[in-house]
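> One structure, pasted below without further comment.
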Amino acid sequence: MRPDIVVIGGGTVGAAIAYGLAGKCNKVLLLDGDDGDFRAARANFGLVWLQGKGLGMPAYQALTRASIALWRGFTERLEAETAIDLAYEQNGGLAFCLGEDAFEKRRLDLLRLHNQRGDGEPDWEMLDRPALERLLPKVTLGPDVAGASFGRHDGHANPLRLLAAMHAGVLRHGGALRHRARVRRIEPAGTDFKLTLDGETLVAPRVVIAAGLGSPELARQVGLDVPLRPERGQVLVTERLEPFLPLPASGLRQTGEGTVMIGATKDDPGFDVSTTGEAAARLSRKTVQIVPALARVGLVRQWAGLRIMTPDSYPIYAQSQSHPGAFVALCHSGVTLAAFHAEDLASAIAAGSLPGRLSPFHQSRFDVPQAA
Amino acid sequence: MFRKLHDPGPQAVTIFIDGRPVVAEPGESVAAVLLRQQEGWNRTTPVSQSPRAPYCMMGVCFECLVEIDGQGSVQSCLTPVAAGMRIARQQGRRSLSA
Ligand SMILES: Cc1cc2nc3c(=O)[nH]c(=O)nc-3n(C[C@H](O)[C@H](O)[C@H](O)COP(=O)(O)OP(=O)(O)OC[C@H]3O[C@@H](n4cnc5c(N)ncnc54)[C@H](O)[C@@H]3O)c2cc1C
Ligand code: FES
């Protein structure tokens, strides 16, 4: 197959874009690295999440909102095509507040976000402790829980099944997927691009670089300078329990299988995915403050993954000016944004240009000298 | 099923399995006592509900989980019996309260 377009990186972002492109009659080749790579797609928490996002970047709040609006239809299509159950639930989501000060701070933060948005009804509310207790009849809350914010649009899904389904969807639409296919070099070849892999070369008229933390060195070769750093996140998982948490919270969710995911920490040790006892202790302590009964539940696993972080934490979507036909797509929250990536972003890439509403996400925003 | 080879004699203790009194010998594990019972299982699995019995008897396989004195998912092969101990066989996913 001579591809119309090559997507480099088969994580949550590349797979979503490739799936979307394949559905639009492009001959898509998705190239992925190997298990030795840093892979956020295999480490994440599975939230499809809006509340609290986008302070200082209204376009990001709008983008997240748009993606979540697409999520239900996206899931249904993907499930119908692949028979993989994504376990997507949208019962709203919580952010627990420990202490009255935290409750008030949360309220003000969400109010600021709401005012930044400017129009529309609030799609969140603050739940005081009695209201929260009514929502969670099977949970005895710790004494410090003052309440929670409730976001109506929030939800969660199984992120590993999402990834598997998007891979299956690419194949289903006639695309190709190759594992252990690391791209070493990209060079322009006329109006095409020549990709050098270990022991072979490929030619394609268009490329999308969505290789997570592996992206900067590839993007540089086609005139895209994308600043990126890893941010470590650690997650704990418990044994399976009877359902007790009917909706996810930002650091605590019960999966369809019954396990409880707890996380994630944030720190900056560089390219290091080791887990630490300190993080396990901190996460456990915080969780037990919220739901004391979890102190008696067994942990079965702890892992760490690296978030793909730009300087302002918001996504980068861009087409190269010097090498038209080369695109880059990088973000944290690739699960939440998967529906947008598969639909609007894939359509724009297929059409050959990114719409104006994505211009706030161009990496040139990092070139502007900050006013003192 | 298994049976005890000797009589524990006067030092025997009573423990309760699903509310039923059972005689045990100090120093033996809860798993050993469970294996002597008519019902040869101690839990059903969280996913397919299939019954499980103690297997490795040395703390590595986690097949022997039971609820002991209100604490769920305890490895019974690593827990010595104590007089009055209350054991509950665990059915499927445990609840948050146990
Ligand atoms: C702890 C943690 C929790 C998270 N929780 C959430 C959450 O709750 N909700 C949410 O929306 N998001 C969450 N995320 C973020 C989400 O996982 C990422 O945004 C998403 O996985 C990024 O996808 P990606 O495809 O850009 O990168 P990755 O998933 O890292 O994939 C990059 C892929 O590129 C491949 N690759 C690299 N270099 C090359 C090369 N040269 N050639 C070919 N292939 C290459 C790699 O093998 C890899 O498969 C979380 C992340 C972490 C770390
Ligand atoms: S029987 Fe294997 S851990 Fe107890």
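> Might you check whether a residue that is open to solvent by less than 10 Å² (accessible area, probe 1.4 Å) and under 23 Å from the mean Cα position of the chain (by Cα) occurs anywhere in region A:240-247?
yes
> Please state which one of A:V300, A:V273 is within 16 Å of ligand 2 (Cβ to nearest atom), out of contact with any helix residue (DSSP H, G or I) (no Cβ under 8 Å at 6 or more places or on another chain) and not assigned by TED's automatic domain parsing to the domain that holds A:R220. Walk me through how you get there before you give the answer.
Working: A:V273 fails: within 16 Å of ligand 2 (Cβ to nearest atom).
Result: A:V300 is the single residue among A:V300, A:V273 that is within 16 Å of ligand 2 (Cβ to nearest atom), out of contact with any helix residue (DSSP H, G or I) (no Cβ under 8 Å at 6 or more places or on another chain) and not assigned by TED's automatic domain parsing to the domain that holds A:R220.
> For A:G93, state whether it is modelled with pLDDT of 95 or more, within 20 Å of A:G233 (Cβ to Cβ) and open to solvent by less than 10 Å² (accessible area, probe 1.4 Å). First the steps, then the outcome.
Values: modelled with pLDDT of 95 or more: yes; within 20 Å of A:G233 (Cβ to Cβ): yes; open to solvent by less than 10 Å² (accessible area, probe 1.4 Å): yes.
It is true that A:G93 is modelled with pLDDT of 95 or more, within 20 Å of A:G233 (Cβ to Cβ) and open to solvent by less than 10 Å² (accessible area, probe 1.4 Å).
> Can you tell me which residue is farthest from ligand 2 (Cβ to nearest atom) among those in region A:307-342 that are hydroxyl-bearing (S, T, Y) and open to solvent by less than 10 Å² (accessible area, probe 1.4 Å)?
Kept after step one, since they are hydroxyl-bearing (S, T, Y), are these residues of region A:307-342: A:310, A:313-314, A:317, A:320, A:322, A:333, A:336.
Next, from what is left, pick out any that are open to solvent by less than 10 Å² (accessible area, probe 1.4 Å): A:310, A:317, A:320, A:336.
Numbers: A:T310: 46, A:Y317: 51, A:S320: 57, A:T336: 39 Å.
The qualifying residue farthest from ligand 2 (Cβ to nearest atom) is A:S320.
> Then there's this: Within region A:278-306, track down each residue that is away from chain B (no Cβ under 14 Å) and open to solvent by less than 30 Å² (accessible area, probe 1.4 Å).
So in region A:278-306, the residues away from chain B (no Cβ under 14 Å) come out as A:278-286, A:289, A:302-306.
A:A279, A:A280, A:L283, A:A304, A:G305, A:L306 - these are the residues of region A:278-306 that are away from chain B (no Cβ under 14 Å) and open to solvent by less than 30 Å² (accessible area, probe 1.4 Å).
> Count, please, the residues in region A:240-252 that happen to be outside any loop (DSSP other than H, G, I, E, B) and more than 14 Å from every other protein chain (Cβ to nearest Cβ). Lay out the reasoning, then the answer.
Just the residues of region A:240-252 that are outside any loop (DSSP other than H, G, I, E, B), to begin with: A:241, A:249, A:252.
Next, from what is left, pick out any that are more than 14 Å from every other protein chain (Cβ to nearest Cβ): A:249.
Number of matching residues: 1.
> Next question. For region A:257-277, enumerate the residues that are surrounded by fewer than 15 Cβ atoms within 10 Å (Cβ to Cβ), more than 10 Å from chain B (Cβ to nearest Cβ) and closer than 27 Å to A:F150 by Cα. First the steps, then the outcome.
As a first pass, look at region A:257-277 and keep what is surrounded by fewer than 15 Cβ atoms within 10 Å (Cβ to Cβ): A:257, A:266-272, A:274, A:277.
Those left that are additionally more than 10 Å from chain B (Cβ to nearest Cβ): A:266-272, A:274, A:277.
Within region A:257-277, A:K266, A:D267 meet the criteria.
> Let me ask something else. Does region A:126-137 include one or more residues that are closer than 21 Å to A:Q51 by Cβ, within 14 Å of chain B (Cβ to nearest Cβ) and not acidic (D, E)?
Checked against the condition, which is being closer than 21 Å to A:Q51 by Cβ, within 14 Å of chain B (Cβ to nearest Cβ) and not acidic (D, E), region A:126-137 yields at least one hit.
> Follow-up. Which residue, of A:V273, A:V335, A:V328, A:V291, is closer than 22 Å to B:R94 by Cα and touching a Phe, Trp or Tyr at 6+ places or on another chain (Cβ under 9 Å)? So that I can check it myself, show each step before the final result.
Values: A:V273 fails: closer than 22 Å to B:R94 by Cα; A:V335 fails: closer than 22 Å to B:R94 by Cα; A:V328 fails: closer than 22 Å to B:R94 by Cα.
Unique residue meeting the criteria: A:V291.
Residues are listed down the side, and each one gets a yes or a no for (1) within 14 Å of another protein chain (Cβ to nearest Cβ); (2) without any contact (Cβ under 8 Å) to a residue 12 or more places away in the chain; (3) over 22 Å from A:V260 (Cα atoms); (4) hydroxyl-bearing (S, T, Y):
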{"residue": "B:M1", "(1), (2), (3), (4)": "no, no, yes, no"}
{"residue": "B:T14", "(1), (2), (3), (4)": "no, no, yes, yes"}
{"residue": "B:R20", "(1), (2), (3), (4)": "no, yes, yes, no"}
{"residue": "B:V23", "(1), (2), (3), (4)": "no, no, yes, no"}
{"residue": "B:M58", "(1), (2), (3), (4)": "no, no, yes, no"}
{"residue": "B:C64", "(1), (2), (3), (4)": "yes, no, no, no"}
{"residue": "B:R86", "(1), (2), (3), (4)": "no, no, yes, no"}
{"residue": "B:Q90", "(1), (2), (3), (4)": "yes, no, no, no"}
{"residue": "B:R94", "(1), (2), (3), (4)": "yes, no, no, no"}
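> Ok, one more. Suppose we filter A:D32, A:D85, A:D37 for residues that are crowded, with 21+ Cβ neighbours inside 10 Å and either more than 16 Å from ligand 2 (Cβ to nearest atom) or within 14 Å of chain B (Cβ to nearest Cβ) (or both); which single one remains? Break it down into steps so the answer makes sense when it comes.
Numbers: A:D85 fails: crowded, with 21+ Cβ neighbours inside 10 Å; A:D37 fails: crowded, with 21+ Cβ neighbours inside 10 Å.
A:D32 is the lone residue from the list that is crowded, with 21+ Cβ neighbours inside 10 Å and either more than 16 Å from ligand 2 (Cβ to nearest atom) or within 14 Å of chain B (Cβ to nearest Cβ) (or both).
> If we keep just the residues of region B:1-27 that are part of a loop (DSSP other than H, G, I, E, B) and of a type in the set (D, E, K, R), which is farthest from ligand 1 (Cβ to nearest atom)? Break it down stepwise before answering.
First, pick out the residues of region B:1-27 that are part of a loop (DSSP other than H, G, I, E, B): B:1-8, B:12, B:18-19, B:25-27.
In the following step, the residues that additionally are of a type in the set (D, E, K, R) were identified as B:3-4, B:7, B:18, B:25.
On the way: B:R3: 51, B:K4: 51, B:D7: 57, B:D18: 40, B:E25: 49 Å.
The residue in question is B:D7.
> Here is a follow-up. Looking at (1) touching a helix residue (DSSP H, G or I) at 6+ places or on another chain (Cβ under 8 Å); (2) in a strand (DSSP E or B); (3) under 30 Å from B:Q90 (Cα atoms), find the lone condition where A:V237 falls short.
Unmet for A:V237, out of (1) touching a helix residue (DSSP H, G or I) at 6+ places or on another chain (Cβ under 8 Å); (2) in a strand (DSSP E or B); (3) under 30 Å from B:Q90 (Cα atoms): (1).
> Pairs needed: first member in region A:216-228, away from every other protein chain (no Cβ under 14 Å) and within 13 Å of A:A318 (Cα to Cα); second member anywhere, more than 13 Å from ligand 1 (Cβ to nearest atom) and polar (S, T, N, Q); C-beta distance under 6 Å; at least 6 residues apart or different chains.
A:V222/A:S320; A:G223/A:S320; A:G223/A:S322; A:L224/A:S320; A:V226/A:Q363
> I've got another one for you. Being closer than 25 Å to A:L337 by Cβ and among the β-branched types (V, I, T) is the filter here, so list the residues in region A:262-320 that pass it.
A:I262, A:T265, A:V273, A:I308, A:T310, A:I316
The values are calculated or read from the model by the stated rules, or taken from the named source; none is laboratory data. Keep in mind that this is a model prediction, so the values were computed, not measured. When we count neighbours, we look across all protein chains shown, and the Cβ atoms used for this are built from the backbone with ideal geometry, even at glycine. Note: areas computed on protein heavy atoms with side chains; ligands, DNA, RNA excluded. Shrake-Rupley method; radii C 1.70, N 1.55, O 1.52, S 1.80 Å.
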